[in-house]
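The values are calculated or read from the model by the stated rules, or taken from the named source; none is laboratory data. Keep in mind that this is a model prediction, so the values were computed, not measured. Counting neighbours? That spans all protein chains shown, and the Cβs are built from the backbone with ideal geometry, glycine included.
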4 protein chains.
Amino acid sequence: MSQREIRTIGIVAKPHKAEAREVLRQLIPWLKARDRTILLDQDTAALAGMPEAGVAKADLPARADFLIVLGGDGTLLSVARLVGGRDVPILGVNLGGLGFLTEITLEELFPLLGDILGGELRLSRRMMLQVYVHRQGERVAEYTVLNDAVINKGAMSRIVELETYLDGEYVTTYRADGLILSTPTGSTAYCLSAGGPIVHPTLEALVLIPICPHTLTNRPAVLPGGAKVEVVQGSEGEDVFLTLDGQVGFPLRYRDVVEVRRAEQRIALVASPKKSYYQVLRTKLKWGER
Amino acid sequence: MSQREIRTIGIVAKPHKAEAREVLRQLIPWLKARDRTILLDQDTAALAGMPEAGVAKADLPARADFLIVLGGDGTLLSVARLVGGRDVPILGVNLGGLGFLTEITLEELFPLLGDILGGELRLSRRMMLQVYVHRQGERVAEYTVLNDAVINKGAMSRIVELETYLDGEYVTTYRADGLILSTPTGSTAYCLSAGGPIVHPTLEALVLIPICPHTLTNRPAVLPGGAKVEVVQGSEGEDVFLTLDGQVGFPLRYRDVVEVRRAEQRIALVASPKKSYYQVLRTKLKWGER
Amino acid sequence: MSQREIRTIGIVAKPHKAEAREVLRQLIPWLKARDRTILLDQDTAALAGMPEAGVAKADLPARADFLIVLGGDGTLLSVARLVGGRDVPILGVNLGGLGFLTEITLEELFPLLGDILGGELRLSRRMMLQVYVHRQGERVAEYTVLNDAVINKGAMSRIVELETYLDGEYVTTYRADGLILSTPTGSTAYCLSAGGPIVHPTLEALVLIPICPHTLTNRPAVLPGGAKVEVVQGSEGEDVFLTLDGQVGFPLRYRDVVEVRRAEQRIALVASPKKSYYQVLRTKLKWGER
Amino acid sequence: MSQREIRTIGIVAKPHKAEAREVLRQLIPWLKARDRTILLDQDTAALAGMPEAGVAKADLPARADFLIVLGGDGTLLSVARLVGGRDVPILGVNLGGLGFLTEITLEELFPLLGDILGGELRLSRRMMLQVYVHRQGERVAEYTVLNDAVINKGAMSRIVELETYLDGEYVTTYRADGLILSTPTGSTAYCLSAGGPIVHPTLEALVLIPICPHTLTNRPAVLPGGAKVEVVQGSEGEDVFLTLDGQVGFPLRYRDVVEVRRAEQRIALVASPKKSYYQVLRTKLKWGER
C-alpha cells in the first residue's frame, strides 16, 4: 500500500493529562528537528503552553498527513470518529498502561516515529460501523464508530424490547437491558463485560450482544461483515438511548429504527512492530504466559 | 404456626387489567357468600365498578387479615413492600401465565380459597432485605424489598465504581454497569439475566451480582443471610440510581452509601398445594420434564 | 451454480429408527415412480426390508448424485464426513423434531423433492474443517469435520494444558477441561453448551472455545476462516482425547499437535424453502416470536 | 471453643517437592526445640532424610493433636479426607504461591506457630459433604469431601443424563457433560471454571453446577446446607465417573445413585491472622485493590 509522505503531523492529547504535557515537551522539538509541521488541537495546544498554535480538533484530519494520539483508548476513539473516510494513519500512545487501541508505549514512541518518518510503517486497517437512526421514515442521525453502538435502557426503566432484523429478515425481539452492535475491534471493549467472544480484528464481522437478556437462551451472535442490522425500539414510554463508542449519546423514541452496517471507510492504526494482538490480549486479560 | 382467623380480606388487582375485572366479578360474591368482609384499594374498586368501596392501598395491610393479589409478580412486589412487618399472608394469582411469586392459577383459586377459609394454609415465609441510603452520615432513605435492590449507572454514563464492604471489611471495588443485591427470592428475577445462580428460597443468604463487570473475574457471590453489605457510590459526576424491586427509584450522589441487610420481618406467601418450587422453575425456565 | 442432473439417489436412515422405516415405505416407490435409481446403505436396506439392495455406506457419495438422510443431526454428520470433496448435495430430514442440520420436516419432504427433481434446488454451502494430528513430526491422523474437533481430558484427569498457536504465533496455553475448534455450523451444537456465541453459517470463521477454563478471562474466540490453529497437548501422564463431530475418537499423546484449518471442500446442504436460519434458531433455542 | 493441648504434631509434605525439604529442615528442629513430638508420613519422612521416622499417612489424624500440610490445596484435600470426624486442626502452608485452602505463606509460618503453641488459635470450621453411591439398593461406596464430588462423562461419551432429586422431590434431568456437587469451600475451585458463583465459606449450603448443560437455561443452584441431593446416572452404555475432590475416582454404572448431603463432621483449618477471605479472593482472582 502506498502511503503519502508525512509532512504535517497532528497531535491530540487527552485533556488535562499531566503525563501528556511531559511527552509534548519532548515530542514537539523532536518533530521540529526533523522538519515536520506540527498541528495541535486547541486543548492540546493549551496543555503544551502554546495556545496560539491550536486549530480546531475537527480540522486536524483534513490538514494532517498523520495523527498522534496521546492518551488512552477513549481519546483515540474520539479522534477516529473525526477521521472518517480520510486515509490518515493514527498512532496511539498509551500514557500509563496499555490499551487495545493505543498499544504503543512511551518507550517505543521515538524509535517507532524514527522508523515511520524513514518510511517504515505497519498499519492495521480496521473495519468501522456506519450507524443511522430513522424516525418515521426520516434519517435523523448518522455516526461512524470504531468500537460499538449500544442501545440501552435508562436506569429507571425495567426492560427494553428491541425488534431485530438481519438483511430485512426478522431475527428476534430482544427483551433486555440493551443491545451492543460492535465491530471486531470493539469485541475487546464493552462487549467482553456483556459476555461476548473475542473476535479477531481482521475478521469481517458484525457482533450483536444482548445485555442482560430476559430470555436466557439469547446469546451473542457473530454475523457476516456485509450484514445490515436494523433494530426497532419497541418499548413505549421507556427511556432508551443510543451511545456511540461510549462517548456520544442520542435519545431514541418509540419505533425509532437504528440501522447498522459496515462503513465504507476503514481506520488505519499504526501497529506496534514489537507486540502482536495476542501479546496485548495476554497482558490486558492476564492470560499468563507459557 | 398459629394463624389468626381470616375475617377481612383485602384485594389488589393489577391496574387496568381486563382479566382482573372478570375475576373480581366472581370472587367478590363468592367471598361475601362466605360472610367475609372485603376491602379493595381504590384502583381495584374502580375496576370492580364499586368506586365507593375503595380504601387507600397503603391502609390495606393494617385493616385486612389476608390479601389477594390479582396480577403478576410486579403487582405482588408492590403489595409486599406495603405489608412490611405485619403478619398478613398474601395469595398471588397470576392472570395469564405463571409467576415465580404469583404461582396460583385461576383454576386453583376457588378450591384453594375454600381450603384456606377452612383453616388449611400452607405458607412460604420469605426473607426480605432492609435497604438504607446514607449521605454524609445521615440516613436519607429506607426501603424494604422482597426481590432486589439494584444500583446502576444511567444510560449515558460509561461505568460506575462501587466500593463494597462485607460486615465492615473491604471486599472489592466493582467497576461495572451496576450491582444487584438480592434475596434468594429475587435470584430468579433480574439476577438470572445478569448471570446469577438460582438460590433456593429457604436459604438464608444475600446475593451480590455485578452487572457487566469490567474485571472479568468478578463473579456473583452468595453471602450469609446475616451479612451486612455496604456499597459506596464512588464515581464522581456520573448518574447513578438505586432501584427497589424494579419499581421505585432513588438517585445516588457521589459517596452515598447503600447499606443492605436482612429485614427483621418476613413476608408470608400462600404456597400452591399442587406445585413445588421446582415445578415452577421447570415451567418458567423451560427445563423440560423427565 | 450449475447442478448435475439427479438420476441416482442415495438414502441413509438412522439405524433401527422405526419412523425411518415408514418414510422409506413411501419414499422408495415415490422415487421409483419418477424413474430414479435408488441406492441404500446396508443398514437402511435392512430397515427397508430389501437387504439385497444395500451397498457400502462409504460408496454412496461416489455413486449417487444426491443424498437423502433420514434421522437427525448425528446421522447427517456421519454422512457429511463420507462425502468429503464430492459435490453431492445432502437433504436432511429430521424424524421427530427439528435439527440445525436436518431442517426439513416430513411434511415438507415430498413437495420439496418434487421441486428439486424439477430443477429447483436451494443449497447452503457450509465450510468444513480439515483436522490433522502430528506426532513427532509424522502425520498420524486426518479428518474432515462439519461441526467441530474437540480436545478433552479423560474423566479421571484433572486438567489439560493446551499450548495454542494461530498462524504460527503463540496465543496462550489453555488450562482447561478441553478446547473446541468449530466451524460456524458447529457453533449451534456443542459450542453453545460451552458458552460460545452463535456464528452465522455463511461467515468464514474458525471458532475456538475453551471448556471450563481455569483462567476465568479465557474467552471464546472467533478467528478468520483462513487461520491455521495448532494445539499442542502439553499434559504428560494425562488421558486426553480428540473427538470429531462427537462421533469419532482419537487418543492424543503428550506433545501431539492437532492442526486445524478450513477444508478445501464444502458440503452442500439442501435448505428449506420455508424456514430461515433464524426461524430454526427461534424454534430450537425457544427465543419466542414477536 | 476449647482446644486440646498440642503435644504431637503430624506433618505431611507434597511428595517430591524440593521446597518442602527445605522447610522440613527448619521446621523439625524448631518444633523439637519446643519439646513437641513430631510424626511424619512415610513420603515426608523420606523427603526429610529420616525414613525410619515415618508412620502410615492414614494413622496421622488419630495420633496427632495438630497437622501441618506443606504443599498446595491438593495435598491439603488429601489430608482432609483422612481426618474425617476427628477434631484435629490443619495448618496449610502454600509453597510457592497462595492457595484457597493453604493460605499460610512461609513468612507467616513460624510466627504463627509460635502463637498457636502459645494457645492462640483462630480456626475456620468448614462444612464437608458425605457422598454415597447406591447400586441396586446396596451402598457400594462412601466418601467425605471438602471441596466437591463431580459426576462426569468419559472423553468419548457425548452426553450424560442425570436425573436429580432434592429431598426426594424431582428437580430436573440434566443433559450435560457432568454435574458438580460442591461445598461453599469448593465454590472457588473447579466450580468457578464451570461458571459457578462464589459462595462464602461460612454459609451452610450445597452447590449444584451442571457442566456444559445442553439446556441453556440450566443454571448453577445454591441449596440449603441441610438438603439431600440424589442423582441417578441415566445414560445406558456411556462411561460415567464420580470424582472426589479431583483426586479419587469411581466408575458409575447405569442407574447408580449418587447421594450427597452435609457431613456430620467439619474440618478445622487454621486461618491466617493477617489475611481475610476477601484478600485471598482479591489476590487469587486478580480483582485488584482500591
Next on the checklist: Considering only residues that are on the phi < 0 side of the Ramachandran plot and out of contact with any strand residue (DSSP E or B) (no Cβ under 9 Å at 6 or more places or on another chain), which ones fall in the stretch D:83-116?
Outcome noted: D:L98, D:F100, D:E107, D:F110, D:P111, D:G114, D:D115
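Quick one: which residue in B:I28, B:I9 is at negative phi, within 24 Å of the chain's Cα centre (by Cα), modelled with pLDDT of 95 or more and surrounded by 15 or more Cβ atoms within 10 Å (Cβ to Cβ)? Break it down into steps so the answer makes sense when it comes.
Values: B:I28 fails: within 24 Å of the chain's Cα centre (by Cα).
Exactly one residue qualifies, and that residue is B:I9.
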Next on the checklist: D:L67 - would you say it is buried (at least 21 other Cβ atoms within 10 Å of the Cβ) and farther than 12 Å from D:L146 by Cβ?
Outcome noted: yes
Checklist entry - Since B:L285 meets every condition but one in (1) under 25 Å from B:E142 (Cα atoms); (2) within 14 Å of chain A (Cβ to nearest Cβ), which condition does it not meet? => result (1)
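Hey, among B:D35, B:D65, which residue is of a type outside the set (A, V, I, L, M, F, W, C), modelled with pLDDT of 95 or more, assigned by TED's automatic domain parsing to the domain that holds B:F110 and on the phi > 0 side of the Ramachandran plot?
Numbers: B:D65 fails: on the phi > 0 side of the Ramachandran plot.
Every option except B:D35 fails the conditions.
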Next on the checklist: Whether any residue in the stretch B:237-251 is within 29 Å of D:G288 (Cα to Cα), at pLDDT below 95 and in contact with a strand residue (DSSP E or B) (Cβ under 8 Å, 6 or more places away or on another chain) is what I want to check.
Outcome noted: yes
Next on the checklist: Being over 18 Å from the mean Cα position of the chain (by Cα) and under 28 Å from A:G195 (Cβ atoms) is true for just one of C:V207, C:V280, C:V229. Which residue is that?
Outcome noted: C:V229
Item to check | Segments classed as helices (runs of 4 or more DSSP H), wholly inside the stretch A:36-135, with at least 2 members that are within 24 Å of A:L206 (Cα to Cα) and touching a Cys at 6+ places or on another chain (Cβ under 9 Å) | outcome: none
Checklist entry - B:I180 passes all but one of (1) surrounded by 15 or more Cβ atoms within 10 Å (Cβ to Cβ); (2) of a type outside the set (K, R); (3) away from chain A (no Cβ under 14 Å); which number fails? => result (3)
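Of the residues C:T173, C:T185, which single one is within 11 Å of another protein chain (Cβ to nearest Cβ), in contact with a Lys or Arg (Cβ under 7 Å, 6 or more places away or on another chain) and at pLDDT 95 or above?
Unique residue meeting the criteria: C:T173.
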Next on the checklist: Looking only at residues that are under 24 Å from C:Q265 (Cα atoms) and within 14 Å of chain D (Cβ to nearest Cβ) in the stretch C:188-239, which one is surrounded by the most Cβ atoms within 10 Å (Cβ to Cβ)?
Outcome noted: C:I209
Next on the checklist: Looking only at the stretch A:253-273, how many residues end up being within 21 Å of A:A189 (Cβ to Cβ) and either assigned to a strand (DSSP E or B) or modelled with pLDDT of 95 or more (or both)?
Outcome noted: 11
Checklist entry - In the set A:T217, A:T243, which member is hydroxyl-bearing (S, T, Y) and assigned to a loop (DSSP other than H, G, I, E, B)? => result A:T217
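Could you pull out the residue among B:L98, B:L129 that is touching a residue at least 40 places away in the same chain (Cβ under 8 Å), within 26 Å of B:P273 (Cβ to Cβ), touching a helix residue (DSSP H, G or I) at 6+ places or on another chain (Cβ under 9 Å) and hydrophobic (A, V, I, L, M, F, W, C)?
Being touching a residue at least 40 places away in the same chain (Cβ under 8 Å), within 26 Å of B:P273 (Cβ to Cβ), touching a helix residue (DSSP H, G or I) at 6+ places or on another chain (Cβ under 9 Å) and hydrophobic (A, V, I, L, M, F, W, C) holds for just one of B:L98, B:L129, which is B:L98.
Condition check ((1) in the same structural domain as B:G226 (by TED's automatic domain parsing); (2) surrounded by fewer than 20 Cβ atoms within 10 Å (Cβ to Cβ); (3) closer than 23 Å to B:D35 by Cα) across all residues:
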residue: B:L91; (1), (2), (3): no, no, yes
residue: B:T102; (1), (2), (3): no, no, no
residue: B:E107; (1), (2), (3): no, yes, yes
residue: B:P111; (1), (2), (3): no, yes, yes
residue: B:A141; (1), (2), (3): yes, yes, no
residue: B:V150; (1), (2), (3): yes, no, no
residue: B:K153; (1), (2), (3): yes, no, no
residue: B:L166; (1), (2), (3): yes, no, no
Checklist entry - What number of residues within the stretch A:7-25 are of a type outside the set (V, I, T) and assigned to a strand (DSSP E or B)? => result 2
Next on the checklist: So D:E238 passes all but one of these: (1) assigned to a strand (DSSP E or B); (2) in contact (Cβ under 8 Å) with a residue 40 or more places away in the chain; (3) not aliphatic (A, V, I, L, M). Which condition number does it fail?
Outcome noted: (1)
Item to check | Test result for A:V248, buried (at least 24 other Cβ atoms within 10 Å of the Cβ) and more than 8 Å from chain B (Cβ to nearest Cβ) | outcome: no
Checklist outcome for this item: Reported set for the stretch A:61-89 where residues are β-branched (V, I, T) and closer than 18 Å to A:P15 by Cα is A:I68, A:V69, A:T75, A:V79
